[in-house]
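I have placed the structure first, in the form of structure tokens, so that the comments after it can refer back to it.
The values are calculated or read from the model by the stated rules, or taken from the named source; none is laboratory data. Keep in mind the model is a prediction, meaning the values are calculated, not measured. Positions of Cβ are generated from backbone atoms using ideal geometry, with glycine treated the same way; all protein chains shown enter the neighbour counts. These accessible areas exclude ligands, DNA and RNA; they are computed on the full protein's heavy atoms, side chains included. Shrake-Rupley method; radii C 1.70, N 1.55, O 1.52, S 1.80 Å.
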Amino acid sequence: RVLFRSLGGITFTGNEHVKNVKALRAQFAIKDGDIFNAKAIGKGLENLRKAYGTLGYINFVANPNTRFDEAKKLVYLDIDIDEGKPFYVSRIEFTGNTVTRDSVIRRELLLEEGQVYNSNLWEQSLLRLNQLDYFDPLKVDQDSTATQDATNNTVSLLLRVHEKGKNSIGLNGGVSGLSGSFLGLNYQTNNFLGLGETLSVQANLGNLQRNLSFGFTEPYFRNRPISLGFQVFSSKYDYNAAKNYQ
């Protein structure tokens, strides 16, 4: 016979730095009176760990204990918290970026050296880097390492990247009733000289028509998140009727 018990309540002890019990309780989606769900409790404990991680408490530990009220068919959860100490970022380093400059990576980070370590900001920083499409997809648990210095309460971060091919080159040609015979060449890179700039060149040359274009975009103008770019193009068409007929 399966016996269902309801959650009677959740209490916290050891939370010396975070006194707001309502904020701690809000990390658990399960409400008092709901059927006790171990999976929901586990998710709440993970949310609690992440919440403390945003405050620099990277060694946070929560020890849950259950109490039963058999008469009322209730389960009470007592969580003993060991907060540890807040850690600060001492250094942020990168490896694997043979072309991309450190400054291009660093300007996408939401964490700075000397700042309180925030695990959520570090995760968001890797998401921003993934959006650049300069590297293979980055994951916190696989591509970054946090080394702690317990004496000074600091943590140094190492990010390992693997650069993608940044250049795209295309060649095409053929014969068209409007353009005649032609040969086309295009080149594009989204990380020109490792500076994060976009450069594109396109040329279509034929006996009747010629098109040339050149484009350049700077995503951080004067080290500010201001995108500035331009495009120059030239087009020429030969209206020689005899050549067209030919």
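Here Val175 fits the description: of a type outside the set (Asp, Glu) and over 22 Å from Thr100 (Cβ atoms). Of the residues making up segment 218-240, those that are within 17 Å of Ser103 (Cα to Cα) and part of a strand (DSSP E or B) are Glu218, Phe221, Arg224.
Does any residue of segment 208-217 turn out to be surrounded by 15 or more Cβ atoms within 10 Å (Cβ to Cβ), in contact with a strand residue (DSSP E or B) (Cβ under 8 Å, 6 or more places away or on another chain) and within 16 Å of Tyr134 (Cα to Cα)? The answer is yes, given that some residue of segment 208-217 is surrounded by 15 or more Cβ atoms within 10 Å (Cβ to Cβ), in contact with a strand residue (DSSP E or B) (Cβ under 8 Å, 6 or more places away or on another chain) and within 16 Å of Tyr134 (Cα to Cα). For first residues located in segment 94-112 and farther than 19 Å from Thr147 by Cα and open to solvent by 60 Å² or more (accessible area, probe 1.4 Å), partners that are hydrophobic (A, V, I, L, M, F, W, C) and assigned to a strand (DSSP E or B) and lie 6+ apart or on another chain with Cβ distances below 6 Å form the pairs Asp102/Phe94. Spot the failing condition for Thr54; the list is (1) touching a helix residue (DSSP H, G or I) at 6+ places or on another chain (Cβ under 7 Å); (2) over 30 Å from Lys166 (Cα atoms); (3) free of Cβ contacts under 8 Å to residues at least 60 places away in the same chain, and only one is missed. Looking at each condition in turn, Thr54 falls short on (3). If you take the residues in segment 148-175 that are among the β-branched types (Val, Ile, Thr) and modelled with pLDDT of 95 or more, which one is nearest to Leu205 (Cα to Cα)? The qualifying residue nearest to Leu205 (Cα to Cα) is Val161. Strands (runs of 3 or more DSSP E) fully within segment 1-98 that include at least 2 residues being polar (S, T, N, Q) and modelled with pLDDT of 95 or more: 6-13, 61-69, 88-95. Being modelled with pLDDT of 95 or more and open to solvent by less than 60 Å² (accessible area, probe 1.4 Å) is the filter here, so list the residues in segment 119-134 that pass it. Scanning segment 119-134 gives Leu121, Trp122, Ser125, Leu126, Leu129, Asn130. Checked against the criterion of being assigned to a strand (DSSP E or B), exposed (fewer than 11 other Cβ atoms within 10 Å of the Cβ) and of a type outside the set (Asp, Glu), segment 140-151 contains not a single residue that satisfies it.
If the condition is being surrounded by 12 or more Cβ atoms within 10 Å (Cβ to Cβ) and hydroxyl-bearing (Ser, Thr, Tyr), then segment 152-176 contributes Thr154, Ser156. The single condition from (1) over 30 Å from Ser227 (Cβ atoms); (2) hydrophobic (A, V, I, L, M, F, W, C); (3) in contact with a strand residue (DSSP E or B) (Cβ under 9 Å, 6 or more places away or on another chain) that Leu195 fails is (1). For segment 115-122, the criterion of being within 17 Å of Val155 (Cα to Cα), free of Cβ contacts under 8 Å to residues at least 40 places away in the same chain and out of contact with any Pro (no Cβ under 6 Å at 6 or more places or on another chain) is met by at least one residue. Just one of the numbered conditions (1) within 23 Å of the chain's Cα centre (by Cα); (2) open to solvent by 40 Å² or more (accessible area, probe 1.4 Å) is not true of Leu48: (2).
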